[in-house]
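I have placed the structure first, in the form of structure tokens, so that the comments after it can refer back to it.
The values are calculated or read from the model by the stated rules, or taken from the named source; none is laboratory data. Remember, it's a predicted structure, so these values are computed and weren't measured experimentally. Note that each Cβ is placed from the backbone with ideal geometry, even for glycine, and that neighbours are counted across all protein chains shown. Heads up: the accessible areas ignore ligands, DNA and RNA and are worked out on the full protein's heavy atoms, side chains in. Shrake-Rupley method; radii C 1.70, N 1.55, O 1.52, S 1.80 Å.
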Amino acid sequence: MKYQTISEIFDANENIRAKLRETISNLNDEQLKFMPADGEWTITHIVEHIALVESGITGVFGKILAEAQSKGGKSDGTAKISDDFLAKASVPRKLQAPERVRPTGTVTIEESFAKMNETRQKLEKLRPLFETVECSEFKFPHPYFGDLTAHEWLALLGGHEARHTRQIERIIRQTQ
């Protein structure tokens with residue numbers, strides 16, 4: 001998760017999304033709704049959760065970038081990610097999702113992907129700000145990672161989706 005530029009983070013996030021799509025592309029309804037253990041999420045739940053998290057994070061980006069832009073600092077597109085964030089992000093652990101990003105189970109895979117596509121379009125509109133506005137001093141709190149910069153939130157977005165894609169792959173193995 002060590003990135004040199006904002007462009008690298010965007011590219012990595014797109015590759016992670018492609019991997020998620022590929023991972024679930026040939027699954028049947030039974031596999032999508034398979035519950036690995038009592039109280040655990042199905043693949044459909046996980047994809048809904050990813051969509052909810054991405055939508056929320058995109059709102060965070062807007063706040064951080066607007067504040068940073070108002071201060072007028074310029075960036076050369078270099079990704080600024082702290083060693084503290086990298087250390088925390090590299091430790092695998094299961095976190096409890098806050099209520100606002102817990103899946104309802106009433107959303108289809110197609111609806112979740114439609115929401116993720118909409119969110120990615122919004123994110124793509126923010127890309128020029130990520131690449132040109134100095135925002136390393138502007139942060140927004142994460143429940144586990146603490147105060148994160150927009151660059152760290154952007155890297156977290158892909159890391160979160162990659163982690164859940166691996167979780168989906170484990171569930172798929174249980175259904176075969």
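Looking at the stretch 79-101, can you tell me whether even one residue there is touching a strand residue (DSSP E or B) at 6+ places or on another chain (Cβ under 9 Å) and among the hydroxyl-bearing types (Ser, Thr, Tyr)? Working first, answer last.
Looking only at the stretch 79-101, we keep the residues that are touching a strand residue (DSSP E or B) at 6+ places or on another chain (Cβ under 9 Å), and these are 79-82, 84-85, 88.
Okay, now just the ones that are also among the hydroxyl-bearing types (Ser, Thr, Tyr), so 82.
The answer is yes, given that some residue of the stretch 79-101 is touching a strand residue (DSSP E or B) at 6+ places or on another chain (Cβ under 9 Å) and among the hydroxyl-bearing types (Ser, Thr, Tyr).
If you go through the stretch 54-105 one residue at a time, how many are among the hydrophobic types (A, V, I, L, M, F, W, C), more than 16 Å from ILE9 (Cβ to Cβ) and under 19 Å from the mean Cα position of the chain (by Cα)? Give the derivation first.
First pass over the stretch 54-105, keeping only residues among the hydrophobic types (A, V, I, L, M, F, W, C): 57, 60-61, 64-66, 68, 79, 81, 85-87, 89, 91, 95, 97, 101.
Retained after the next criterion (residues that are more than 16 Å from ILE9 (Cβ to Cβ)): 66, 68, 87, 91, 95, 97, 101.
Next, from what is left, pick out any that are under 19 Å from the mean Cα position of the chain (by Cα): 87, 91, 95, 97, 101.
Counting residues in the stretch 54-105 that are among the hydrophobic types (A, V, I, L, M, F, W, C), more than 16 Å from ILE9 (Cβ to Cβ) and under 19 Å from the mean Cα position of the chain (by Cα) gives 5.
(1) in a loop (DSSP other than H, G, I, E, B); (2) under 22 Å from ASN117 (Cα atoms); (3) modelled with pLDDT under 90: which one isn't true of LEU27, the others all being true?
So LEU27 meets the others, but not (3).
Hey, could you check the stretch 1-48 for residues that are charged (D, E, K, R) and more than 28 Å from HIS151 (Cα to Cα) and say which is surrounded by the most Cβ atoms within 10 Å (Cβ to Cβ)?
So in the stretch 1-48, the residues charged (D, E, K, R) come out as 2, 8, 11, 14, 17, 19, 21-22, 29-30, 33, 38, 40, 48.
If we keep only those that are more than 28 Å from HIS151 (Cα to Cα) as well, we get 29-30, 33, 38, 40.
On the way: ASP29: 9, GLU30: 8, LYS33: 14, ASP38: 5, GLU40: 12.
Only one residue fits best here, namely LYS33.
With the structure loaded, tell me whether GLY77 is more than 21 Å from TYR144 (Cβ to Cβ), at pLDDT 90 or above and not aliphatic (A, V, I, L, M) or whether it fails that test. Explain how you work it out, then say what you get.
On the way: more than 21 Å from TYR144 (Cβ to Cβ): yes; at pLDDT 90 or above: yes; not aliphatic (A, V, I, L, M): yes.
Yes.
Quick one: GLN174 ticks every box in (1) in contact (Cβ under 8 Å) with a residue 24 or more places away in the chain; (2) open to solvent by 80 Å² or more (accessible area, probe 1.4 Å); (3) touching a strand residue (DSSP E or B) at 6+ places or on another chain (Cβ under 8 Å); (4) not hydroxyl-bearing (Ser, Thr, Tyr) bar one, so which box is it?
All conditions pass for GLN174, except number (3).
Assess whether LEU148 counts as being in a helix (DSSP H, G or I), over 25 Å from THR42 (Cα atoms) and not aromatic (Phe, Trp, Tyr).
On the way: in a helix (DSSP H, G or I): no; over 25 Å from THR42 (Cα atoms): yes; not aromatic (Phe, Trp, Tyr): yes.
Criteria not met by LEU148.
Among the listed residues SER82, SER112, SER90, which satisfies the condition of being touching a residue at least 12 places away in the same chain (Cβ under 8 Å) and either touching a Cys at 6+ places or on another chain (Cβ under 9 Å) or open to solvent by less than 30 Å² (accessible area, probe 1.4 Å) (or both)? Even if it seems obvious, please write down each step before you answer.
Working: SER82 fails: either touching a Cys at 6+ places or on another chain (Cβ under 9 Å) or open to solvent by less than 30 Å² (accessible area, probe 1.4 Å) (or both); SER90 fails: either touching a Cys at 6+ places or on another chain (Cβ under 9 Å) or open to solvent by less than 30 Å² (accessible area, probe 1.4 Å) (or both).
Criteria check complete, one pass: SER112.
Kindly list, by first and then second residue, each pair from a residue in the stretch 125-151 that is over 14 Å from SER70 (Cα atoms) and aromatic (Phe, Trp, Tyr) to a residue that is open to solvent by less than 30 Å² (accessible area, probe 1.4 Å) and not in a loop (DSSP other than H, G, I, E, B), limited to pairs with Cβ atoms under 6 Å and residues at least 6 apart or on different chains.
Listed pairs, sorted by first residue: PHE140/VAL60; PHE140/ILE64.
Mind checking which residues of the stretch 36-73 are under 16 Å from ILE172 (Cβ atoms), assigned to a helix (DSSP H, G or I) and of a type in the set (Ser, Thr, Tyr)?
THR44
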